[in-house]
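The values are calculated or read from the model by the stated rules, or taken from the named source; none is laboratory data. Computed from a prediction, not measured in an experiment: that's the story for all the values here. For neighbour counting, all protein chains shown are included, and Cβ atoms are generated from backbone atoms with ideal geometry for every residue, glycine included.
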Amino acid sequence: MGNNFKTLVLLTGLTLVLMFAGQAIAGTRGMEWGLGIAAVSNFVSYFFSDKIALAMYRAQPVTREELPRVYGVVERMTQRIGLPMPKIFVIPSDSPNAFATGRNPAHASVAVTQGILNLLDDEELEGVLAHELGHVRNRDILTSSIAATLAGAITLLARMGMFAGMFGGYGGRDDRDRGGGFEALLMIILAPIAALLIQMAVSRSREYEADHTGANFTGNPYALARALEKLDAWSKRRPLIASPSTAHLFIVQPMLGGETLGNLFSTHPPIAKRIERLTGHSPSGLIG
């Protein structure tokens, strides 16, 4: 309950930042636009975030016959913990990574890259899949997707305000209802940073919780810890280029595409801290 309340507060904070940014840039009408953008963003995230993420990475659905190694693990765990069987997808990439998506357990999907299937042994793969099912069980996939969408909307609104200012779209009048001036300039700079910090807080807390839940599912935290150490090393050698709007989904931080402010912030906790929380030890020596 405490984690869910914290997330609700953070999402409310994102919505307020979006509204205040709109007000600073364009007055009352800007605040109305900010609220409207928040509502549309939440609607799109709720119904379409999973389809968008899967299509973005060219994830292909696979059958039990095509990928029995993954199906066997997921079926055993979902039956044991009482979750519906998610759809399974494979991403055609050599970079080792995985993510879960979907608005609730009944509409969940788990996607793994070809690279992760080649890299991990059966115990390590089980740990990764348990982590992803932890996201499904904790119902935090949608929450993180909404946070990312709202953060992206705030950044977009700030950029629109910047371009409007460059072309004389605001400022100069002593009319608070119109917005603009120094307040707008300050919000254009600070709003995207605030949005990213809030998104990071949402995503990082969810990653720690999914690690803990996944380790409980398998009873083998060391397997997940070894997997995280391998994934951290190999994903840097063979990086997966991801969009800032979906980077939070992956089990380890992918490389962000484009020159955005998001490159300065990570939506994932440090791997060493995740491993230490799982095992009580530093990651050194977990893998050979």
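Considering every residue within the range 13-36, establish whether at least one is assigned to a loop (DSSP other than H, G, I, E, B), touching a Phe, Trp or Tyr at 6+ places or on another chain (Cβ under 6 Å) and modelled with pLDDT under 85.
Within the range 13-36, none of the residues are assigned to a loop (DSSP other than H, G, I, E, B), touching a Phe, Trp or Tyr at 6+ places or on another chain (Cβ under 6 Å) and modelled with pLDDT under 85.
Is it the case that the range 220-230 has a residue that's hydroxyl-bearing (Ser, Thr, Tyr) and farther than 16 Å from GLU276 by Cβ?
The answer is no, given that none of the residues of the range 220-230 is hydroxyl-bearing (Ser, Thr, Tyr) and farther than 16 Å from GLU276 by Cβ.
How about the range 74-101: which of its residues are more than 20 Å from HIS248 (Cα to Cα) and among the acidic types (Asp, Glu)?
GLU75
One line per residue, one yes/no per condition, for (1) surrounded by fewer than 21 Cβ atoms within 10 Å (Cβ to Cβ); (2) farther than 16 Å from LEU249 by Cα:
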residue: ARG103; (1), (2): yes, no
residue: ALA106; (1), (2): yes, yes
residue: VAL112; (1), (2): no, no
residue: GLY115; (1), (2): no, yes
residue: GLU123; (1), (2): yes, yes
residue: GLU126; (1), (2): no, yes
residue: LEU129; (1), (2): no, no
residue: LEU133; (1), (2): no, no
residue: ILE141; (1), (2): no, no
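Of all residues in the range 57-88 being surrounded by 14 or more Cβ atoms within 10 Å (Cβ to Cβ) and under 18 Å from the mean Cα position of the chain (by Cα), which is modelled with the highest pLDDT?
ALA59
Where in the range 57-145 are there helices (runs of 4 or more DSSP H), lying fully within it, with 2 or more residues that are acidic (Asp, Glu) and over 21 Å from ARG206 (Cβ atoms)?
Here the list reads 122-138.
Check the range 240-252 and report whether any residue there is in contact with a strand residue (DSSP E or B) (Cβ under 6 Å, 6 or more places away or on another chain), crowded, with 22+ Cβ neighbours inside 10 Å and modelled with pLDDT of 90 or more.
yes
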